[in-house]
Amino acid sequence: MKVINSIQELQSELSNYKKKQQSVGFVPTMGALHDGHASLMKKSSAENGVTVASIFVNPTQFNDQNDLLKYPRTLEADCVLLEACGVDIVFAPEVSEMYPEVDTRQFDYAPLDTVMEGAHRPGHFNGVCQIVSKLFDAVTPDKAYFGEKDYQQLAIIRKMVQELKYPIEIVGCPIVRENDGLAMSSRNARLSDEERKNALNISKTLFKSCTFANDHSVSETKAMVENAIKDAAGLELEYFEIVDGDTLQNVANWDDANSIMGCITVFCGDVRLIDNIKYK
Ligand code: PAF
């Protein structure tokens, strides 16, 4: 496995594989890798001739500077996991490599990017689109792999790929959970033992709401989740929305869309956690 820091070196290394007509799989990450990332890496290595993983904590997608500073950086441990997952190239650039000058591009995918995370983290998805498009240009992959935990991010990236006509297949991969149900996240590492216990009520409540939804309306289900989180120790609900899985707009009835998701963001202490569940 090669660790590369510059775009030029990355492209010259990749040209060896491309000459041999090997397909390129790409998994962009911000590091602090866990088994959720490992599942993306393994899928890419199984499906492609060469797999590139990027590790880059992208400053333009953090609307909270404190969150950026506290974001865990664990390159050495990340490389051990990547090697074990069959990754061939790790691309770990410095900020100056990806942003030699300020990126002023604006990506507007309203209404996909104005709801939920978009409403609570102004500029976040613009930053995600900036870096993901730069990484796509650098790697020029055939397939790129993203986790469904960031459900809205995945929907926006699919939209960007369609609008900008990138010849890249976007592969969404299921949420990987801890044995007790907590969705894996790089941010879980920041939870104290007590916060970790409290955080469990997020997935528990979402799972419960799936059964509840069988004989209750959308608004009753929404209220049930909101109340359960409000009543749970140590959790503060930012939002819970029940949305059309394609348009991400709120639904009023279970018959309103073919695919319906519940998307939640909760503060556990000062750690912001997201999760989601598919109702249909
Ligand atoms: O999901 C993430 O880790 C990041 O948003 C991504 C896609 C790597 C862009 O920085």
Practice task
Take every DSSP beta bridge with both residues inside region 49-205 and express the antiparallel ones as a percent of the total, to the nearest 5.
Solution key: 10 percent
Exercise for the section: Measure nothing fancy, just the Cα-based angle from helix 7-19's long axis to the longest principal axis of the chain, in degrees from 0 to 90, nearest 10. Expected result: 80 degrees
Fill in the blank from the handout: One checks the Cα atoms of region 212-265 and finds Rg and Dmax, in Å, of 11.6, 35
Fill in the blank from the handout: Per the 1/(1 + (r/R0)^6) rule, R0 = 41 Å and r from the Cβ atoms of Gln21 and Lys159, FRET efficiency to 0.05 is 0.90
Problem - Accessible area per residue in Å² at 1.4 Å probe, computed on the chain - result: 47 Å²
Exercise for the section: Treat every Asp and Glu Cβ in the chain as -1 and every Lys and Arg Cβ as +1, leave all other atoms uncharged, and give the resulting dipole magnitude about the Cα centre to the nearest 20 debye. Expected result: 580 debye
Completion exercise
Between Leu68 and Ala92, Cβ-based FRET efficiency (R0 22 Å, step 0.05) works out to 0.85
Handout entry: Greater than 24 Å apart at Cα, pairs in Lys222/Lys278; Lys20/Lys149; Lys149/Lys222; Lys43/Lys149
Key = Lys20/Lys149
Handout entry: Size of charge dipole - region 36-175 - debye, nearest 20, with Cβ of Lys, Arg +1 and Asp, Glu -1, no other charges
Key = 300 debye
Exercise for the section: Roll a 1.4 angstrom probe over the protein heavy atoms and tell me the percent of accessible area of region 1-160 that is carbon or sulfur. Expected result: 50 percent
Handout entry: Beta bridges per DSSP with both ends in the chain, % antiparallel, nearest 5
Key = 50 percent
Exercise for the section: Could you grab the relative contact order for region 1-107? Cα pairs under 8 Å, six or more apart, rounded to a whole percent. Expected result: 38 percent
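Hey, could you get me the Stokes-Einstein D for region 31-100, Kirkwood radius over alpha-carbon pairs, 25 °C and 0.890 mPa s, rounded to whole µm² s⁻¹?
187 µm²/s
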Exercise for the section: Kindly identify region 143-280 as rounded, prolate or oblate by the Cα gyration tensor criterion: order the square roots of the eigenvalues as a ≥ b ≥ c, call it rounded if a/c is under 1.5, otherwise compare a/b with b/c, prolate if a/b is larger, else oblate. Expected result: oblate
Completion exercise
Counting only protein heavy atoms with a 1.4 Å probe and every protein chain in place, the carbon and sulfur fraction of the accessible surface of region 165-209 in whole percent equals 49 percent
Fill in the blank from the handout: Ranking Asn48, Gln21, Gln11 by how far each Cα lies towards the positive end of the charge dipole of region 1-64 (+1 on Lys and Arg Cβ, -1 on Asp and Glu Cβ), the top one is Gln21
Problem - Alpha-carbon centroids, region 1-58 and region 161-195: separation in whole Å - result: 17 Å
Completion exercise
The helix 218-231 Cα axis meets the longest alpha-carbon principal axis of the chain at an angle in degrees, between 0 and 90 and rounded to 10, of 90 degrees
Problem - 12 Å tail of the calculated P(r), region 146-185, as % of Cα pairs - result: 61 percent
Fill in the blank from the handout: Label model pair Val80, Phe207: point-to-point distance (7 angstrom along the Cα→beta-carbon line) in nm is 2.9 nm
Exercise for the section: Give me the Kirkwood hydrodynamic radius of region 141-222, using the inverse of the mean 1/r over all pairs of distinct Cα atoms, in Å to one decimal. Expected result: 15.3 Å
Practice task
Working from the alpha-carbon coordinates of the chain, get Rg over Rh, Rh being the Kirkwood radius.
Solution key: 0.97
Handout entry: Added length on full extension, which subtracts the Cα-Cα distance from 0.36 nm per residue, Ala233 to Glu194
Key = 13.1 nm
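The values are calculated or read from the model by the stated rules, or taken from the named source; none is laboratory data. Just so we're clear, the structure is a prediction, and the values are computed from it rather than from any experiment. Neighbour counts run over all protein chains shown; Cβ positions are idealised from the backbone, glycine included. All accessible areas refer to the heavy atoms of the entire protein, side chains included, with ligands and DNA or RNA removed. Shrake-Rupley method; radii C 1.70, N 1.55, O 1.52, S 1.80 Å.
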